[in-house]
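Here the structure comes first, spelled out in structure tokens, and everything after it is commentary.
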Amino acid sequence: LSISFLLPSFNLVVLNGPFVFMLLYVWSKHYPTQNVSIMGLFQVQGFYLPWAFLMINMVLGGSPWQDLFGIFAGHMHYFLTELNPQTRHMMEPPLFVHKLVASFDGSAPARAGYARPTGVFRGRGQRLGGGN
């Protein structure tokens with residue numbers, strides 16, 4: 001949101017495009033060798049996916065600025081959280097955000113003495129066919 005206030009000449013009032021490209025860039029950094037089909041026409045590796053969508057947007061006549069802002073924001077997020085361990089703590093949300101999310105969680109509080117199961121299957125299975 002601060003980008004739209006700091007750079008009014010780019011007319012970035014709604015930031016959903018840059019946000020999507022930020023998420024796409026971070027995903028592409030986590031899965032660089034994953035093959036992705038674009039509109040069923042051709043495949044690219046995950047590393048090139050944000051750039052492929054940027055090129056498609058430019059071929060269709062769109063402006064590259066919003067997409068480039070999203071890629072830049074994704075790169076900054078990836079750098080500050082994954083590549084530079086000294087700045088990882090700065091990217092953590094404040095405590096009031098954790099409390100706010102916990103208040104809207106809707107799940108029942110954990111029972112005393114109950115340990116969550118670990119391993120591959122952690123489902124909340126229900127026994128079929130009876131009241132036992």
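Consider only pairs whose beta carbons are under 8 Å apart and that are at least six residues apart or on different chains; among these, list those whose first residue lies in the range 4-32 and is closer than 13 Å to W65 by Cα and whose second residue is assigned to a loop (DSSP other than H, G, I, E, B) and at pLDDT below 60.
Within 8 Å, the pairs are S4/L12; S4/V13; L15/L1; P18/L12.
Going by what's in this entry, would V13 be described as modelled with pLDDT of 85 or more and open to solvent by 70 Å² or more (accessible area, probe 1.4 Å)?
No, not satisfied.
How many residues does the range 52-101 hold that are touching a residue at least 40 places away in the same chain (Cβ under 8 Å), under 21 Å from M39 (Cβ atoms) and either touching a Lys or Arg at 6+ places or on another chain (Cβ under 9 Å) or not acidic (D, E) (or both)?
So the answer is 3.
Taking the condition more than 17 Å from the chain's Cα centre (by Cα), closer than 18 Å to N16 by Cα, at pLDDT below 90 and not hydroxyl-bearing (S, T, Y), does G40 pass? I'd like the intermediate steps shown before the answer.
Numbers: more than 17 Å from the chain's Cα centre (by Cα): yes; closer than 18 Å to N16 by Cα: no; at pLDDT below 90: yes; not hydroxyl-bearing (S, T, Y): yes.
It is false that G40 is more than 17 Å from the chain's Cα centre (by Cα), closer than 18 Å to N16 by Cα, at pLDDT below 90 and not hydroxyl-bearing (S, T, Y).
The values are calculated or read from the model by the stated rules, or taken from the named source; none is laboratory data. Since the model is a prediction, treat every value here as computed from it, not as a measurement. Positions of Cβ are backbone-derived with ideal geometry, glycine not excepted, and every protein chain shown enters the neighbour counts. We work out accessible area using only protein heavy atoms, side chains counted, and drop any ligands, DNA or RNA first. Shrake-Rupley method; radii C 1.70, N 1.55, O 1.52, S 1.80 Å.
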